[in-house]
Amino acid sequence: YIYRALNEQGHIAQRTIRQAYDPVEKIFLPDRFIRGTCPRCGAQDQYGDNCESCSATYTPTDLKDPVSAISGATPVERESDHFFVKLADFEPMLKDWTESTGILQPEVKNKLAEWFTVGLRDWDISRDAPYFGFAIPNQPGKYFYVWLDALTNYLSAVNYPELNHTKYKNFWPANVHIIGKDILRFHAIYWPAFLLAANI
């Protein structure tokens, strides 16, 4: 439902990207299956999508000295069609919301401000087979990146879309949400954008 809402409102872009491919295992590598040196701070052994040392976000092809976490081989680049959420479409709303008083802790606001300073980039929500999870409708061999559907568990846990269900009435929207800083961007950037697009 959320994907359809994003797509129908023009917030999904499809484009061909160059992606890391494991020449030994003969599979495309999701960003978490690539390790390397952060292109911003130089921290070693970082994931292919973000640095746990300086919190930079980037694409796997930006990593220095990348290796496959599966085989240890140096990935090669190959082309693949992917789907992206155009987060810049939501930037004004997200910026206003995150800067509102009383909603987020000052430390969280400061962290989010770093991403707004550089501008929100399109977020790749697709992965190539073989991949666990849910297939993207009408896109053979393409799957939703786990974080797209993982966030929706907050809604399914309260029996959404049954709006008259006791759990939904009592617990949505939640008035407290405790998360780790390493998943802040998923919960304070991506999730509110999805909820806005889906009118939830």
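The values are calculated or read from the model by the stated rules, or taken from the named source; none is laboratory data. This is a predicted model, so every value here is computed, not measured. When we count neighbours, we look across all protein chains shown, and the Cβ atoms used for this are built from the backbone with ideal geometry, even at glycine. Side chains are part of the model used for accessible areas, which takes the heavy atoms of the whole protein and leaves out ligands, DNA and RNA. Shrake-Rupley method; radii C 1.70, N 1.55, O 1.52, S 1.80 Å.
Under a 1.4 Å probe, what is the accessible area of segment 33-175 per residue, stated in Å²?
Result: 57 Å² per residue.
Compute the Cα gyration tensor for segment 42-166, then decide on rounded, prolate or oblate, letting a ≥ b ≥ c be the square roots of its eigenvalues: rounded whenever a/c is under 1.5, prolate when a/b is larger than b/c in the other cases, and oblate in all that remain.
Oblate shape, in that a/c is at least 1.5 and b/c is the bigger or equal ratio.
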Helix-only CD estimate at 222 nm, as mean residue ellipticity for the chain, using -39500 (n - 2.57) per DSSP H run (n ≥ 4): -6500 deg cm²/dmol
Name the residues whose placed amide hydrogens come within less than 5 Å of the amide hydrogen of Phe134, ignoring near sequence neighbours (fewer than 5 apart) on the same chain. Phe144
Residues Leu163 and Lys109, FRET efficiency given R0 of 22 Å [Cβ-Cβ distance, rounded to 0.05]: 0.10
Using a 7 Å offset from the Cα along the Cα-to-Cβ direction at both Ala73 and Cys41, what is the distance between the two label points in nm, to one decimal? 3.2
On the accessible surface of the chain, probed at 1.4 Å with all protein chains in place, carbon and sulfur together account for a percent value of 51
Against the longest principal axis of the chain, how steep is helix 106-118, in degrees 0 to 90 to the nearest 10, with axes from Cα atoms? 50
HN-Hα J couplings of segment 120-134 from phi, Karplus 6.51/-1.76/1.60, θ = phi - 60°, integer Hz, Gly and Pro as x? 6, 9, 4, 10, 6, 10, 10, 9, 8, 5, x, 8, 7, x, 9
